[in-house]
Amino acid sequence: MVSISIENFLTNFLRTYPMPFSAKELLAMLCGLGHKITINELREFLDNDIRVFALQKNMYITRAGAFTNQLFSFVPTQREVEQKVFIPGDRCMPFVDLDILSFSLSFEYMGKKLPNKLFSTDCNTARDLFCLYGDEFSAQYISSDPACKDLHIAENSFELPFKLNLTGISMEPIFEQVDFKYGDRILCRVYDWDKGIIELIPLLTHKLNPFQISSEDMERQKWNETLENALLESFDSMGPCSSIEEQLANVFYENKNQLCVPDCGSIHEFLDYSKKVALELFGVETRLWFKGQDVPAVGKWNEGMYVGDDRAIPYFMLPDFVIDCYIKDQMYEKRNNLQEIIDKIIPKELPLSKEEKKMLALQIEQRNAILREKYNWFADFANGSLRHRALKLFGEVGSLVYELDCDNKELDMLPQQELVTLSQLYTHVSRILEILSEDSDCEEEETCAMELSLEGMEMNFEDIKPLLISALDKVKKNRFNVI
């Protein structure tokens, strides 16, 4: 019998298992294959994996189980109908695997896969088709399309050209079978979540009299109201979530009996309809939120937490890749002073015990010995200066995070968008360090993209730092009462 690694088993399980399950049931499967893992380790893994929904009574269900056979729909634009093609874009969100880029999804009509076809469009239309990824990421998703391989947007400050092509799905087989026109709808059913296969059913809903209200119109009106109420409730209970996709995934799963129905509308149509929900800025990102309101950093959904999720992790428990970057930075600068690394890692605002400092020093010493054996200065030359800049920003952001040592009531007094941006900068610069910690060389375009991203983050940090410091000073003054 061929041994299956625990990683491969869990990946296959989370991508295909269709039924609700408990951590104990999954543990029994793993033990049956000879794998050793504790129930607490497994629960922690499941609670932090985005491919899993936590249910009541310590049960779970995979995204595959949650969305397989579920229905959603969209209405092709007039230009798409004219060219007999549609762009998947963000229209399948949140029903498909987010790691499968939309141009790689497979669409079937009457049992046959629809072929790809180029779609000629302008940059504004393209961005609209990818708007649920957020304006900050839409250009990157668009440029990942094979039809855009020659754009090199990282070299052009992530600006799209006015005219471009996208890889679309041909609707010609549908046009050959039915009289499909602008205003008609495509109903979709998730056939295979793991492989990204979706079945299509054309719904001919166009009307000679556009002012005539049909029973389907009434049902979609109810659908819009249901989605609006569900999103408003989720804002109060879950906050802005980590992404638009996560917000939608939770809402659609919890309300699938009312939302995943044959007379369903689409999220794009809903955003045009709703007067209470819209795409709003969240620091340097975008979220679904109460229309016309800033998305706050602090709410009842994260009471008791710090400035960001990372704030709850002590600095001396930083991931190995961050410590590796500090060590490689010293080697790049041809120095070897472990105490300097410790001083950079631990903010002045964070007092550590002797045992904690000893543990950190030992960890750095061990990693230093391992990395110095195989370090090649010439091979590291391309990434060295970029990593040094990223570490500088990481240290400055981390120090400010720890300086903002406030409880929730005091955090409410700080500028919320700047607070959100600070948390996002911490996450984004950490991701750059994770990439740079790997031994493999980055491609020129990827390096250019990271340089541009880092430059933008440095500017953002310089913008928000004085505002946060000024607000923090006021908070500290309010802590003292004159007697």
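Helix 444-478 and the longest principal axis of the C-alpha atoms of the chain enclose an angle of approximately 70°.
Per-residue surface analysis assigns Leu101 an accessible area of about 60 Å², computed on protein heavy atoms at 1.4 Å probe radius. The residues of the chain present an accessible area of 53 Å² per residue when probed at 1.4 Å with all protein chains retained. The heavy atoms of Cys131 offer some 30 square angstrom of accessible surface to a 1.4 angstrom probe. Of Thr38, Thr226, the order by accessible heavy-atom surface (1.4 Å probe, DNA, RNA and ligands excluded), from most exposed downward, is Thr38, Thr226. Among rounded, prolate and oblate, which fits the stretch 58-202 when a ≥ b ≥ c are the square roots of the eigenvalues of its C-alpha gyration tensor, a/c under 1.5 means rounded, and a/b larger than b/c means prolate? Since a/c reaches 1.5 but b/c is at least a/b, the shape of the stretch 58-202 is classed as oblate. Applying 0.36 nm per residue to the separation of Ala28 and Glu7 and subtracting their alpha-carbon distance, the gain on full extension is 6.0 nm.
So what's the angle, to the nearest 10 degrees on a 0 to 90 scale, between helix 39-48 and the longest Cα principal axis of the chain? For 39-48 against the chain, the angle is about 60 degrees. Taking a ≥ b ≥ c as the square roots of the Cα gyration tensor eigenvalues, the stretch 29-129 comes out prolate, since a/c reaches at least 1.5 and a/b is larger than b/c.
Taking every protein chain into account, the 1.4 Å probe leaves His152 with about 70 Å² of accessible area, to the nearest ten. Across the accessible surface of the chain, with the other protein chains kept in place and a 1.4 Å probe, carbon and sulfur atoms take up 51 percent. Once you sort the root eigenvalues of the Cα gyration tensor of the stretch 156-256 as a ≥ b ≥ c, which label holds: rounded (a/c under 1.5), prolate (a/b larger than b/c) or oblate (the other case)? Because a/c hits 1.5 or more and a/b fails to exceed b/c, the stretch 156-256 counts as oblate.
Comparing Cα centroids, the stretch 177-200 and the stretch 111-125 end up 14 angstrom apart.
Roughly what % of Cα-Cα distances in the chain sit above 27 Å, to the whole percent? The calculated P(r) of the chain puts 65 percent of pairs beyond 27 Å. Applying 1/(1 + (r/R0)^6) with r as the Cβ-Cβ distance of Glu355 and Gln221 and R0 = 51 angstrom yields a FRET efficiency of 0.20. Using a Förster distance of 41 Å, how high is the FRET efficiency between Lys163 and Lys256, based on the Cβ-Cβ distance and rounded to 0.05? After rounding to 0.05, the efficiency reads 0.55. Relative to the longest principal axis of the Cα atoms of the chain, the long axis of helix 23-32 makes an angle of roughly 80 degrees.
The values are calculated or read from the model by the stated rules, or taken from the named source; none is laboratory data. Since we're looking at a predicted model, the values are computed, not measured. Backbone-built Cβ (ideal geometry, glycine too); neighbour counts: all protein chains shown. These accessible areas exclude ligands, DNA and RNA; they are computed on the full protein's heavy atoms, side chains included. Shrake-Rupley method; radii C 1.70, N 1.55, O 1.52, S 1.80 Å.
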